[in-house]
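Let me begin by presenting the structure, written as structure tokens, before commenting on it.
Every number in this text was worked out from the coordinates using simple rules, so none of it is lab data. Note that the structure is predicted; figures quoted are calculated from it, not measured. Positions of Cβ are generated from backbone atoms using ideal geometry, with glycine treated the same way; all protein chains shown enter the neighbour counts.
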DNA sequence: GTCAGGCTGACTCTATGTTGTCAATCTGCT
DNA sequence: AGCAGATTGACAACATAGAGTCAGCCTGAC
């Protein structure tokens, strides 16, 4: 059984991914809490902030690898809360662009003041090349899982 | 800014973890579907099968890093479906042990016949040492996130 | 033995996310 | 221009997961 240890290794990796996913959501909730957000909005606002021109709801969903319905619900609530606004999309009549309002940008900036030290603190003693190789491995797995 | 690239690298890793978590759940649903399970029950049945003597519901929750309420709901449904049974715990009067029934073991076995080729296929051309180092990195991050 | 603190089961509420469906719109090909 | 297929918004049903609460049981220190 040449692949048996590899199989166990992979399943351990799967369990670790489930575990760290939960921990990341918990940390996201904790960080976002201070500025009145949740981890789901934390994920969404990060994608919106990355794109200057504004993105569509399905675009955010594709970036996160989630269903557009889930993202739509998040952005709808964030629009009610005044964090994002819907702007007409010159390239698509129905699909509006999601943009950060001034308040949304302030919230994102406040988020960064918590998120950056968090990211730095967690990777304090982790070499860059280890991060790189782990990221490459995950992206490789993602690619293989997305194809079929 | 010596740590700026590392910060971006880590955030990319976070995004990859969110992405692969969703893909793993989708694959888990797809594999578990054939034997009448869902990805949540797939995760739970794996933990139960790993322990011969039976585990408590909070024990499963700790192994998965989830709330015991979430696990309790899963095991309750699985008990109704006849996959698991609750046995009295000699070491704790109220906290019962969750065990696989014969049917549960059959389902787990059927699951393995799908899951093992899946695991092997995904890691086909991935060197063992890359899996090991990625797993170590994630476990290191998990350890740091669990402490506080 | 006793008792404080921790663990567990049961319940509720809320948030998140997937799937399915339908109509309206868009895109690319002819 | 016109049409087939893909994309999008809107809505609904369902599964999953966390947080909070309460009462009952258990454990360990004394």
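Compute the helix-to-body angle for B:102-122: its Cα long axis versus the longest principal axis of chain B, expressed 0 to 90° and rounded to tens.
Helix B:102-122 and the main axis of chain B meet at about 20 degrees.
Rank these for me by crowding, A:100, B:141, going from fewest to most other beta carbons within 10 Å.
Details: A:100 20, B:141 24.
The fewest-first ordering by Cβ neighbours comes to A:100, B:141.
To the nearest whole number, what is the average tally of beta carbon atoms from other chains within 10 Å of the beta carbons of peptide A:6-12?
Taking the mean over all residues of the peptide, I get 6.
Order these by the 10 Å Cβ neighbour count, fewest first: A:140, A:19. Don't skip to the end; give the middle numbers.
Details: A:140 15, A:19 20.
Neighbour counts put them in this order, fewest first: A:140, A:19.
Quick check on packing: order B:6-14, B:124-132, A:51-59 by the mean number of other C-beta atoms within 10 Å, highest mean leading. Write out the running numbers ahead of the final one.
On the way: B:6-14: 18.1, B:124-132: 12.9, A:51-59: 16.0.
Going from most to least packed, we get B:6-14, A:51-59, B:124-132.
If neighbour count is taken as other Cβ atoms inside 10 Å, put B:135, B:25 in order from fewest to most.
Working: B:135 20, B:25 17.
Fewest to most other Cβ atoms nearby, the residues stand as B:25, B:135.
Just to be sure I understand: with springs between alpha-carbon atoms less than 10 Å apart, which residue in B:74, B:45, B:17 has the highest mean-square fluctuation in the Gaussian network model of chain B?
Per the Cα network of chain B with a 10 Å cutoff, B:17 tops the list.
What's the extension gain from residue A:144 to residue A:120 if we count 0.36 nm per residue and subtract their Cα-Cα distance? Could you put the intermediate results ahead of the total?
Working: separation 24, 0.36 × 24 = 8.64 nm, distance 2.98 nm.
Extra length available between residue A:144 and residue A:120 comes to 5.7 nm.
From the gyration tensor of the Cα coordinates in region A:7-55, what semi-axes in whole Å does the equivalent ellipsoid have, largest first, with each one equal to sqrt(5λ)? List each step's numbers first, then the result.
On the way: eigenvalues 160, 49, 5 Å².
In descending order, the three semi-axes are 28, 16, 5 Å.
What nm value, rounded to one decimal, do you get for the distance between residue B:95 and residue A:4 when each label is placed 7 Å out toward the C-beta?
3.3 nm
As an exercise, use a Förster radius of 22 Å and the Cβ-Cβ distance of residue B:132 and residue A:69 to find the FRET efficiency, rounded to the nearest 0.05. Before the final figure, lay out the partial values.
Values: r = 38 Å, r/R0 = 1.74.
Once the sixth-power term is evaluated, E becomes 0.05.
Which of rounded, prolate or oblate describes region B:87-147 when judged by the alpha-carbon gyration tensor and an a/c cut-off of 1.5?
Taking the square roots of the gyration eigenvalues as a ≥ b ≥ c, region B:87-147 is oblate.
Which one of A:75, A:38, A:101 has the biggest mean-square fluctuation once chain A is modelled by GNM with Cα springs under 10 Å?
A:101
Kindly provide the helix-only [θ] at 222 nm of chain B, computed as the sum of -39,500 (n - 2.57) over DSSP H runs of four or more divided by all residues, to the nearest 500 deg cm²/dmol? List each step's numbers first, then the result.
Working: 6 runs with 103 residues, N = 148.
Helices in chain B give a 222 nm mean residue ellipticity of -23500 deg cm²/dmol.
Would region A:23-146 count as rounded, prolate or oblate if I go by the C-alpha gyration tensor, calling it rounded below 1.5 in a/c and otherwise prolate when a/b exceeds b/c, oblate otherwise? Don't skip to the answer; put the middle values down first.
Numbers: a/c = 2.17, a/b = 1.34, b/c = 1.61.
Verdict is oblate for region A:23-146.
Can you give me the angle between helix B:68-80 and the longest principal axis of chain B, using Cα atoms only, in degrees from 0 to 90, rounded to the nearest 10?
40 degrees
P(r) for the protein assembly as shown, please, calculated from all Cα pair distances in 5 Å bins and given in %.
Once binned at 5 Å, the Cα pair distances of the protein assembly as shown give 1, 5, 11, 13, 15, 15, 14, 11, 8, 5, 2, 1, 0, 0.
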